[in-house]
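Presented below is the structure to which this report refers.
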Amino acid sequence: MCTPFVSFSRRYRGYIALLAIALFIAACGTSVHMTGTWKDPAAEPGGYHNILVAGLSSNQTARGTVENKLAAQLQQHGVVAGKSIDLFPPNFDPKKEESVKSASGKIEAAGYKAVLTVTLINKESETRYVPGTMMYAPYPAYGWYGRFWGYYGYMYNSVYSPGYYTTDKVYFLESNLYDLTKDGKLVWSGQSETYNPNSLESFATAYAKKVTEALQNNGLLKR
């Protein structure tokens, strides 16, 4: 039979291993969940091969990061993908006719047949209560429960983790694919939600992969 010390040591190593696994999973990146997609039944059956990615944001850092990740993912699927941040000047104003005319000419000259837009449509904060925790298991699972001093010595320095409130950040995004050969007609739309993204880089990577997979599954990327 194991002594209380040996039993505790083995259990302790087990908890350390579980903690390490939990930390590894948490550090793996941001999770993006597609909440819904729509596809025009009349969409190009062969898919699209030349796509311009356009992040609709005045935040140039966020826009550039998302466009870079999406373009890279599309390129991995054999798509000729470009970024609007490389074509549109910093003072580009979609509400001005001259800006739109200039941008349209650049898009046509580059040979893009479709535009994939990305927009943050909503951001919410959700507060939830995380209950306190304390490891518990009755005798005979742990040897130190069997004797008074063993139990006393173990529990004397035990620490209870009190509960607390935490606020989750939830981001809702929408991506739309427009067919430029059909006067900019909407052919696909997808919405997603993301909880507590680890970072902009982590989010952009996960989002790009999820959206590209959705486009591929809907037959919108030329094979």
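The values are calculated or read from the model by the stated rules, or taken from the named source; none is laboratory data. On a predicted model such as this, the values are computed, not experimentally measured, just so you know. Don't worry about glycine lacking a Cβ; one is built from the backbone with ideal geometry, like all the others, and counts go over all protein chains shown. Note: areas computed on protein heavy atoms with side chains; ligands, DNA, RNA excluded. Shrake-Rupley method; radii C 1.70, N 1.55, O 1.52, S 1.80 Å.
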Here the net charge surrounding Thr181, from other residues whose Cβ is less than 11 Å away from its Cβ (Lys, Arg +1; Asp, Glu -1), is -1
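By average Cβ neighbour count within 10 Å, what is the ranking of 203-214, 80-91 from highest down?
So the peptides 203-214, 80-91, ranked by packing, come out 203-214, 80-91.
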Rounded to whole Å², per residue accessible area for the stretch 31-104 with a 1.4 Å probe reads 58
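Calculate, in nm to one decimal, what Glu213 and Ser104 gain on full extension: separation in residues at 0.36 nm each, minus their alpha carbon distance. Could you put the intermediate results ahead of the total?
Values: separation 109, 0.36 × 109 = 39.24 nm, distance 2.76 nm.
Separation in residues times 0.36 nm, less the Cα-Cα distance, equals 36.5 nm.
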In nanometres, the difference between 0.36 nm per residue of separation and the alpha-carbon distance of Val130 and Thr166 is 12.2 nm
